[in-house]
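J.: The structure that follows is given in the form of structure tokens.
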Amino acid sequence: MTALEVRNLHKRYGQHVAVDDVSFTVEKGEIFGIIGPNGAGKTTTVESIAGLRTPDSGSLSVLGLDPTKDRAEVRERLGVQLQESSFPDAIKVAEALELHSSFYRNPADWRELMELLGLTEKRDTQYKALSGGQKQRLSIALALVGNPEVAILDELTTGLDPQARRDTWSLIERVRDTGVTILLVTHFMDEAERLSDRIAVINGGRVAAVDTPAGLIARSSGARQVRFRVSQPLDRSVLTDLPDVTDVEITEGRWLVTGRGQLLSSVAGALARARVVAEDLRVDQRNLDDAFVAFTGRAPESPGNSTRRVG
Ligand SMILES: Nc1ncnc2c1ncn2[C@@H]1O[C@H](COP(=O)(O)OP(=O)(O)OP(=O)(O)O)[C@@H](O)[C@H]1O
């Protein structure tokens, strides 16, 4: 069953094309990640889905509804955590949650959410006195307080320290396990890889690829390398003859085999046939950072650049 459908979305600000042509479909119950460089059009895309921006062309469907026409119904069934939330400075944590829960027909238990997000001891603290991480956790709680069927989380864990990030990931997995569909915009490749069932890579206002994290990594990886020592003499041609192998270097008894495709299993099979044991075997591990570079031509923003400590 489809939860979200984006077809040929196009949005410009004046002469500047923010979203050129974006299409993807999110199934019910999925965590769908969106990654891409700064300014790629991620926020414009998700804010259009949330009905907060009006696209110039293309079509959007949220649980079968049109977010530009069926605003009230979409608001009821879709929760949004935006990059920058603005609240009155003097509002207290518990007041904000109670107030927002009153906007919905079938809200979640706001006290439970406050507890889940570690905000109970800050319940009487004013918004202006919260740390960056606490404000972030409050914005997640507010996205979930309406008991939404779909939640949009933009920069979910920006501003959280490593432990708080991991706790938030567990929380999001628990939310997904209750059947909520999650659209997750993130700059953190570890977060996208850990949480997403599928990921869209957006670059220059277009979808560069949509796949599972493993699929993106597999599609992006060019050369792979395997390193090992051999238990007994081995003829180099045993490996250079393999179709997946492009290069073999031997330095001081250490073998470095470069190749593509199923390199590790090809090499392991050839060594086994030659009755040679590979010792101290290492395989270069490709991850989503490599996929990001391959599909966008840029390195992902380093988490260290934007992570603040939770006060
Ligand atoms: N309200 C606006 N008016 C004018 N230009 C805008 C507006 N909002 C976004 N843009 C521009 O549109 C482009 C896409 O912005 P958007 O925020 O959607 O990208 P993004 O992928 O979410 O970026 P980031 O990762 O930095 O949040 C950017 O060049 C941005 O400067």
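J.: Summarise the long-distance tail of P(r) for region 223-285 by giving the % of C-alpha pairs beyond 13 Å.
T.: 56
J.: Which percent, to the nearest 5, of DSSP beta bridges fully inside the chain are antiparallel? Working shown, then result.
T.: Details: 36 of 54 bridges.
Here the share of antiparallel DSSP bridges comes out near 65 percent.
J.: Given H placed 1.01 Å from N in the peptide plane, which residues other than close sequence neighbours of T158 have an amide H under 5 Å from its amide H?
T.: none
J.: Now for a different question. Compute the length gained on full extension between V293 and E73: take 0.36 nm times their separation in residues and subtract their Cα-Cα distance, giving the result in nm to one decimal.
T.: 75.3 nm
J.: Quick one: which residues, 5 or more positions from D56 or on another chain, have an amide H under 5 Å from its amide H? H modelled 1.01 Å from N in the peptide plane, none for Pro or chain starts.
T.: H10, K11, R12
J.: Multiply the residue separation of S131 and Q232 by 0.36 nm, subtract the distance between their alpha-carbon atoms, and state the gained length in nm to one decimal.
T.: 30.3 nm
J.: Right, something else. How much mean residue ellipticity at 222 nm does the chain get from its helices, if each DSSP H run of length 4 or more adds -39500 (n - 2.57) and you divide by all residues, to the nearest 500 deg cm²/dmol? Write down the numbers at each step before the final one.
T.: Working: 12 runs with 103 residues, N = 311.
Only helices count here, giving -9000 deg cm²/dmol.
J.: With r as the distance between the Cβ atoms of T25 and D56 and R0 = 25 Å, compute the FRET efficiency 1/(1 + (r/R0)^6) and round to 0.05.
T.: 0.75
J.: Mind listing the long-range amide H neighbours of A208? Cut-off is under 5 Å, sequence gap 5 or more, other chains count too, H placed in the peptide plane at 1.01 Å from N.
T.: Amide H to amide H, under 5 Å and 5 or more residues apart or across chains, A208 pairs with V201, I202, N203.
J.: So for region 2-218, averaging the separation of alpha carbon pairs under 8 Å that are six or more residues apart and normalising by length, what relative contact order in percent results?
T.: The normalised contact order for region 2-218 reaches 29 percent.
J.: Where does each of 40-51, 120-131, 198-209 land if you order them by average Cβ count within 10 Å, highest first?
T.: Numbers: 40-51: 23.3, 120-131: 14.6, 198-209: 21.2.
Result, highest mean first: 40-51, 198-209, 120-131.
J.: Leaving out same-chain residues fewer than 8 places away, which lysines sit with a Cα under 29 Å from that of K69?
T.: Of all the lysines, those that pass the test against K69 - Cα under 29 Å, at least 8 places apart if same chain - are K11, K28, K42.
J.: Also, quick follow-up: Using Cβ contacts closer than 10 Å as the measure, can you line up M114, M1 from fewest to most?
T.: Ordered from fewest to most neighbouring Cβ atoms within 10 Å, M114, M1 come out as M1, M114.
J.: With the radius of gyration and the Kirkwood radius both derived from the Cα set of the chain, what is their ratio Rg to Rh?
T.: Using only Cα positions, Rg/Rh for the chain is 1.09.
J.: Let me ask something additional. Convert each backbone phi in region 231-236 into a coupling constant with the Karplus relation 6.51 cos²θ - 1.76 cosθ + 1.60 (shift: θ = phi - 60°), then list the ³J(HN,Hα) values in order as whole Hz, x for Gly and Pro.
T.: 6, 7, x, 9, 6, 3
Each reported figure results from applying straightforward, stated rules to the coordinates on display, with no laboratory input. Note that the structure is predicted; figures quoted are calculated from it, not measured. Positions of Cβ are generated from backbone atoms using ideal geometry, with glycine treated the same way; all protein chains shown enter the neighbour counts.
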